[in-house]
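First comes the structure, then the notes that go with it.
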Amino acid sequence: MNHQIPLMLRQGGGAIVNASSGAGVKGFKGQAAYAAAKHGVIGLTRSTALDYAASGIRVNAVCPGIVDTEMIQRFAESTPGGRDALIADERIGRLGTPDEIAAAVLWLCSDAASFATGHALVVVGGQTV
């Protein structure tokens with residue numbers, strides 16, 4: 001899963017954050033393969049968390065919603081309704097920012113999350129509620 005695990009074992013612990021998606025916790029029409037892959041990331045995360053919890057290695061996943069990136073901007077330009085259609089899917093009324101997802105990852109890696117392992121942190125602006 002991660003080539004850093006042997007190092008973390010020698011150090012007595014560490015934190016791994018896998019990248020899943022809001023699609024990892026909810027299905028989306030027309031996205032079966034993508035949703036299956038992202039659900040798989042969560043299953044891998046949870047199983048690996050169990051494998052390494054006693055060794056002090058925490059394994060979690062972050063599940064972002066639609067984040068305002070260059071890729072999403074290109075997608076919005078080629079999609080009927082564009083950016084407004086994407087925002088309409090976000091209950092919070094806007095797209096997420098890369099900084100918001102980074103903050104979630106940093107929290108999962110921090111001592112403040114020292115009791116969290118096997119968790120899929122959903123950061124989707126309410127989309128999966």
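Quick look at the numbers
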quantity: Hits in segment 80-115 - residues which are surrounded by 11 or more Cβ atoms within 10 Å (Cβ to Cβ) and at positive phi; calculated: GLY82
quantity: Filter pass, GLY118 being open to solvent by less than 50 Å² (accessible area, probe 1.4 Å) and under 12 Å from ASN18 (Cα atoms); calculated: yes
quantity: Residue list for segment 25-39, filter: open to solvent by less than 80 Å² (accessible area, probe 1.4 Å), in contact with a helix residue (DSSP H, G or I) (Cβ under 8 Å, 6 or more places away or on another chain) and without any contact (Cβ under 8 Å) to a residue 12 or more places away in the chain; calculated: GLY27, PHE28
quantity: Condition met for GLU70 (more than 19 Å from GLN4 (Cβ to Cβ), acidic (Asp, Glu), open to solvent by 20 Å² or more (accessible area, probe 1.4 Å) and free of Cβ contacts under 8 Å to residues at least 60 places away in the same chain); calculated: yes
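The values are calculated or read from the model by the stated rules, or taken from the named source; none is laboratory data. Owing to the predicted nature of the structure, the values given are computational and were not obtained by experimental measurement. As a convention, Cβ positions derive from the backbone with ideal geometry for all residues, glycine included, and neighbour counts pool all protein chains shown. Note: accessible area is taken over every heavy atom of the protein model, side chains too, but ligands, DNA and RNA are not part of it. Shrake-Rupley method; radii C 1.70, N 1.55, O 1.52, S 1.80 Å.
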